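Structure record follows, encoded as structure tokens.
The values are calculated or read from the model by the stated rules, or taken from the named source; none is laboratory data. Given the structure is predicted, the values throughout are model-derived calculations rather than measurements. Using ideal geometry, Cβ is built from the backbone for each residue, glycine included, and neighbour counts are taken over all protein chains shown. Each accessible area value is taken on the protein alone, full model and side chains, heavy atoms only, with ligands, DNA and RNA left out. Shrake-Rupley method; radii C 1.70, N 1.55, O 1.52, S 1.80 Å.
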Amino acid sequence: MARVVVVTSGKGGVGKTTTSAAFGAGLARAGHRTVVVDFDVGLRNLDLIMGCERRVVYDFVNVIHGEANLNQALIRDKRVENLAILPASQTRDKDALTQEGVEKVLEGLAEDFDYIVCDSPAGIERGAHLAMYYADDALVVTNPEVSSVRDSDRVLGLLSSKTRRAERGEDPVKEHLIVTRYSPSRVGKGEMLSVEDVCEILSINLLGVIPESTAVLNASNAGMPVILDEKSDAGQAYSDTVARFLGEERDHRFLTDKKGLFSKLFGG
Amino acid sequence: MAIEIKGRMGTFMVLRMLTADTAEVLRQLDGHLSTAPDLLSGVPLVLAPADGLSVTAEMLRKVVLGLKERGFLQVGVTNVSESLASAADLGLMRNLAAPSREKPVAAAVAAGPAQVVSQPVRSGQQIYARGGDLVVTAPVSAGAEIMADGHIHVYNTLRGRALAGVQGATEARIFCTDQRAELLAIAGHYLLSDQIDPALSGISTMAWLKGDLLQIQSALNPGG
């Protein structure tokens, strides 16, 4: 049975697409057949972050409308085996997505993949609703600041009421928290909420903490999921996150600012 | 689909007739219209004879005719018997009682079964325990709203809004083990977080109504 994992947040710009790309690549690297689906119709970004923008011919909306089949629209990743992406349409808007269409596409993908990662658009309207509707798991991406936390809280409410699992009274969608752009030094100065605060407010299981890192921007610019940059702190943090999702126990490594200037100078 | 039926809110005018003299009614109306001719044109109007006025179908017909001549959109009549309304060929609006000046009698705390919520109540969610108490064992987030006809108990952090006794039960109380509420209200009397003593934040508290004033105190140290 394929598992549908939605990456969502409510607020924009917190790192949903970066997380979708890294998480998808991490699952594929662990040997699971994985597809990442871009639900952000009209603001297509996932293909850029994953470096396959030049290979997009057909998209999600084409498949929904029967203008192409899934295999024509899927783009296989060249670096990671078992990884594919289904790009969004750039010329349409979210109204082009229909519930039946999305269900049909997800059913088609479930035949060939173990994990279907849905990259949700920001907001709580149609696109975001359809991205979460069929989910089995949800990765709620939050920045350590109050407005992002409040929006995530709103999204958690929708996950427990507006998804297929909720409507059918099945086991609820499994919720996981990913805190991104975390800067322990700014938490120390009181400029950011701490992970403890965020967890207390949202009261869900913490899956990963991704440190604020230039590696994320560099990886985006290079069109490479940051998890493949194994030397970077953000890459390692995503690797831990994926491992925890797959059931491994791993400590959170990036909660404190260990390196002082001294150890940085001497390559600590 | 040939029709849709929808409830709509809108404004209409009520013309209260304080005298049985229809000529006088219309004369005074003309007086009003001379100062504000467009004030009432096109606005639906309901005729409401005052209590104790002996009204006949003939009177109603005269007034209605006068209203039509002046361009009113006459929609019905209230505060008369059904037979009188139909004799005057007018629709009777039953649910249009004049607003009562008296304070509503405080309802007793509802004694229905309590509703228990064990899932977190998230921002934007609203839970209403109709006819009874509400017990929440999970956190209530900022931006969430919990309401009950009876008491409210929150055995966790309360960051959102809690409204007890929403049908007017002044005996209702709000208990929580970690009070950080945006708003607490009992029977319509409320306090915003700004108005709540910061010393009562983050501890277990009880809120109740004393007269028109909402009181909050530590539930563990009920000395005050």
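Burial of accessible area (probe 1.4 Å, heavy atoms of protein chains only) in segment A:175-209, relative to its chain alone, reaches at least 30 Å² for A:200, A:201, A:203.
Here segment B:154-224 has 49 percent of its accessible surface on carbon and sulfur atoms, given a 1.4 Å probe and all protein chains in place. Accessible surface computed residue by residue for segment B:119-224, with neighbouring protein chains in place and a 1.4 Å probe, gives 43 Å² per residue. Legend: Rg and Dmax of segment B:174-220, from Cα coordinates, 9.6, 26 Å.
Which entries in A:78/A:104; A:94/B:6; A:189/B:210; A:174/B:6; A:104/A:231; A:11/A:189 show an alpha-carbon gap greater than 32 Å?
A:189/B:210; A:174/B:6; A:104/A:231
Here the protein assembly as shown has an Rg and Dmax of 31.2, 104 Å, counting Cα atoms alone.
The angle separating the long axis of helix B:22-35 from the principal Cα axis of greatest extent in chain B is about 70 degrees. Within the straight-line cut-off of under 19 Å between alpha carbons, the aspartates and glutamates reachable from residue B:68 are B:21, B:24, B:30, B:38, B:58, B:89, sequence neighbours fewer than 8 places apart in one chain being disregarded. Against chain A, whose longest principal axis comes from its Cα atoms, helix A:233-245 is set at around 60 degrees. Principal axis extents of the C-alpha atoms in chain A (largest first, rounded to whole Å): 60, 39, 33.
Per the accessible-area calculation with a 1.4 Å probe, the total area buried between chain B and chain A rounds to 900 Å².
If you take the alpha carbon atoms of segment B:112-218 and fit the smallest convex hull around them, that volume is 76 Å³ per residue.
Counting Cβ atoms of other protein chains within 10 Å of each residue's Cβ and taking the mean over peptide B:151-159 gives 1. Accessible surface area normalised per residue over chain A is 45 Å², counting heavy atoms of protein chains with a 1.4 Å rolling probe.
Taking K and R as +1 and D and E as -1, what net charge do the other residues with C-beta under 10 Å from the C-beta of residue B:158 add up to?
Local net charge: +1.
Each Cα pair under 8 Å and six or more residues apart adds its sequence gap; the mean of these over the residue count of segment B:3-87 is a relative contact order of 35 percent.
Counting only GluC sites (Glu not before Pro) that DSSP places in a loop and that have at most 12 other Cβ atoms within 10 Å, the longest clean stretch of chain A runs over A:1-66. To put it simply, the accessible area of segment A:67-148 at a 1.4 Å probe is 45 percent carbon and sulfur.
With both bridge residues required to lie in the protein assembly as shown, what share of the DSSP beta bridges run antiparallel, to the nearest 5%? Here the share of antiparallel DSSP bridges comes out near 20 percent.
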